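Asker: Okay, handing you the structure first.
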Amino acid sequence: MSAPIYLNDLGVVCALGEGRAAVASALFADAPGGLSDNDSLLPGRTLALGEVRTPLPALDDLPVALRGRNNALLDVALAQIAPAVAAAIARHGAERVAVVLGTSTSGIGESEQALRTHAEQGQWPQGFDYAQQEMGTAAQFVRQRSGAQGPAWTLSTACSSSAKALMSAARMLRAGIVDAVIAGGADSLCRFTVAGFSALESVSALRCNPFSQHRAGINIGEGAALFLLTREPGPVCLAGWGESADAHHMSAPDPQGLGAIDALQQALMRAGWAADEVDYVNLHGTATGHNDAMESLAVWQVLGNGVPASSTKPLTGHTLGASGAIEAALCWMLLAENPQQQLPPHWWDGVADPALPVLPLVAPGTRLAQPPRRVLSNSFAFGGSNAVLALERR
């Protein structure tokens with residue numbers, strides 16, 4: 001049997017707040033928060049977005065290529081686990097600590113600003129480096145900032161990116177390549193992603209409404225979550241995972257959910273769980289017509305209709321490449337720091353789509369009779385890149 005992989009520590013920042021205590025308080029609040037109105041990213045239209053309003057570090061002490069909002073979000077999350085990372089480096093050596101991250105935007109926002117300046121003034125602004133938008137800068141930044149000297153890379157598989165980063169970290173640990181991994185992801189708001197999803201007619205101006213008959217699309221969000229993974233016992237175990245690539249369509253999921261079903265079944269198999277042993281499912285739940293239809297079908301076929309489930313995207317927005325890690329972070333807090341045994345509520349209008357299989361969506365204020373022990377977290381991306389994490393309280 002493979003050695004267990006543990007998520008020993010967690011740093012997080014998103015629209016719900018900065019740090020575990022603030023995020024958990026907002027997650028289980030009596031009314032939905034997190035999202036705010038924004039009229040600057042899509043000219044002529046006000047949208048509900050999951051914007052991080054925490055002041056972010058300027059990163060002026062770093063090379064220009066490593067500066068930007070994406071890395072500033074990572075810096076906030078990294079600071080929260082810095083003592084644990086330093087202890088791992090001291091115990092194992094810097095070369096035995098790796099970095100694996102997921103993102104989809106990197107520094108595109110900085111490039112957008114620079115392009116506007118170039119269009120207006122005919123020259124690039126001072127303090128801009130094209131390398132800021134390279135996907136790999138996320139891992140480079142965390143590696144330099146943390147002092148880790150092991151392998152470092154960034155994954156970009158759209159909305160499954162940071163969930164896959166956790167899987168990659170676990171594989172490295174099980175192979176004995178390293179002894180600790182800083183893993184997770186970040187994404188930052190920019191015009192490119194908001195305009196792109198708007199062009200697909202997938203963006204809702206109001207708080208999204210997953211699995212409702214009236215659902216009208218997603219809210220884009222931003223944030224970062226970082227874990228320290230090791231083989232040493234910790235509060236939460238990455239008990240298993242599943243991933244598949246069905247390649248049904250560039251942006252639409254397979255309506256039969258075959259890839260999602262495969263990923264769910266793999267996660268249960270690796271974890272050694274039966275379907276009725278799952279206490280909660282964090283749904284991908286984007287509130288788009290195609291995704292919700294596919295996911296409800298996949299979850300219903302694998303788990304039936306007895307496992308409590310919710311989408312947390314009405315609170316955080318869809319954080320794209322960071323969503324897998326941020327939603328795993330919410331599950332981590334649910335398992336490790338949840339004395340009231342609460343479940344994340346599913347905020348919607350309550351008008352179920354009669355065309356979808358019925359799932360037991362979590363009502364606000366729901367508490368389990370016993371502490372939750374086993375949860376699944378779904379991430380289903382463009383191109384049919386499907387990822388499911390199985391997390392267990394130890």
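The values are calculated or read from the model by the stated rules, or taken from the named source; none is laboratory data. Since we're looking at a predicted model, the values are computed, not measured. Virtual Cβ from ideal backbone geometry, glycine too; neighbours counted across all protein chains shown. Side chains are part of the model used for accessible areas, which takes the heavy atoms of the whole protein and leaves out ligands, DNA and RNA. Shrake-Rupley method; radii C 1.70, N 1.55, O 1.52, S 1.80 Å.
Asker: If you roll a 1.4 Å probe over the heavy atoms of the protein chains, what accessible area per residue do you get for the range 202-287, in Å²?
Answerer: With the other protein chains kept in place, the range 202-287 gives 35 Å² per residue.
Asker: Computed from the mean reciprocal separation of all distinct C-alpha pairs, what Kirkwood hydrodynamic radius does the chain have, in Å?
Answerer: Taking every pair of different Cα atoms in the chain, averaging 1/r and inverting gives 20.6 Å.
Asker: Multiply the residue separation of GLN340 and ALA205 by 0.36 nm, subtract the distance between their alpha-carbon atoms, and state the gained length in nm to one decimal.
Answerer: Length gained, GLN340 through ALA205: 45.2 nm.
Asker: Using DSSP to call loops (not H, G, I, E or B), can you name the chymotrypsin sites (Phe, Trp or Tyr not before Pro) in the range 332-365 whose Cβ has at most 14 other Cβ atoms within 10 angstrom?
Answerer: none
Asker: Do any GluC sites (Glu not before Pro) in the range 179-251 lie in a DSSP loop with no more than 16 other beta carbon atoms within 10 Å, and if so, which?
Answerer: GLU201
Asker: Oh, and also: Which order do you get for TRP273, TRP124 if you rank them by accessible area with a 1.4 Å probe, largest at the top?
Answerer: So the residues, ranked largest to smallest area, are TRP124, TRP273.
Asker: Next question. Which whole-number value in Å² is the accessible area per residue of the range 114-162, probe 1.4 Å?
Answerer: Per-residue accessible area for the range 114-162 comes out at 55 Å².
Asker: Leaving out ligands, DNA and RNA, what percent of the accessible area of the chain is carbon and sulfur, probe 1.4 Å?
Answerer: 53 percent
Asker: Between GLU120 and GLN301, what FRET efficiency comes out of the Förster formula 1/(1 + (r/R0)^6) with R0 = 56 Å and r the beta carbon distance, rounded to 0.05?
Answerer: Computed FRET efficiency for GLN301 and GLU120 comes out at 0.55.
Asker: Under unit Cβ charges (Lys, Arg +1; Asp, Glu -1), what dipole magnitude, rounded to 20 debye, does the range 1-137 have relative to its Cα centre?
Answerer: 320 debye
Asker: For the range 256-394, rounded, prolate or oblate, judged on the Cα gyration tensor with a ≥ b ≥ c (square roots of eigenvalues), a/c < 1.5 rounded, else prolate if a/b > b/c?
Answerer: rounded
Asker: Another question about this same structure. Mind listing which GluC sites (Glu not before Pro) in the range 266-362 are in a DSSP loop and have 13 or fewer other Cβ atoms within 10 Å?
Answerer: Answer in residue order: GLU337.
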